[in-house]
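Reviewing the structure listed below.
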Amino acid sequence: MSCITAGTLKGVIRMTLNLLFITVTFNKKQETFEEASHNEAVSKSYEETKTKQHYMSQLF
């Protein structure tokens with residue numbers, strides 16, 4: 001018999017799977033607004049750097 005439960009607890013999604021005598025729990029942390037903003041800024045900076053590198057490689 002298996003039982004799957006999913007719920008939220010302080011920004012964490014928890015999924016528990018009970019199968020025979022083994023319990024497996026997966027936790028996925030949800031991003032905060034600050035983390036999402038930081039990740040977006042890092043991605044934008046990375047893309048800008050990649051574009052500059054591509055442009056500079058075209059010059060030589």
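The values are calculated or read from the model by the stated rules, or taken from the named source; none is laboratory data. Bear in mind the structure is a predicted one, so any value in this text is a computation, not a measurement. A quick note on method: Cβ atoms are made from the backbone with ideal geometry, for glycine too, and the neighbour counts reach across all protein chains shown.
From the list HIS54, HIS38, pick out the single residue that is surrounded by fewer than 10 Cβ atoms within 10 Å (Cβ to Cβ) and either at negative phi or modelled with pLDDT of 80 or more (or both).
Values: HIS38 fails: surrounded by fewer than 10 Cβ atoms within 10 Å (Cβ to Cβ).
Going through HIS54, HIS38 in turn, the sole match is HIS54.
Per-residue answers, yes or no, for (1) of a type outside the set (Asp, Glu); (2) touching a His at 6+ places or on another chain (Cβ under 6 Å); (3) loosely packed, with under 10 Cβ neighbours inside 10 Å; (4) modelled with pLDDT of 80 or more:
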site	(1), (2), (3), (4)
LYS10	yes, no, yes, no
THR16	yes, no, no, no
LEU19	yes, no, no, no
ILE22	yes, no, yes, no
THR25	yes, no, no, no
GLU31	no, no, no, yes
GLU48	no, no, no, yes
PHE60	yes, no, yes, no
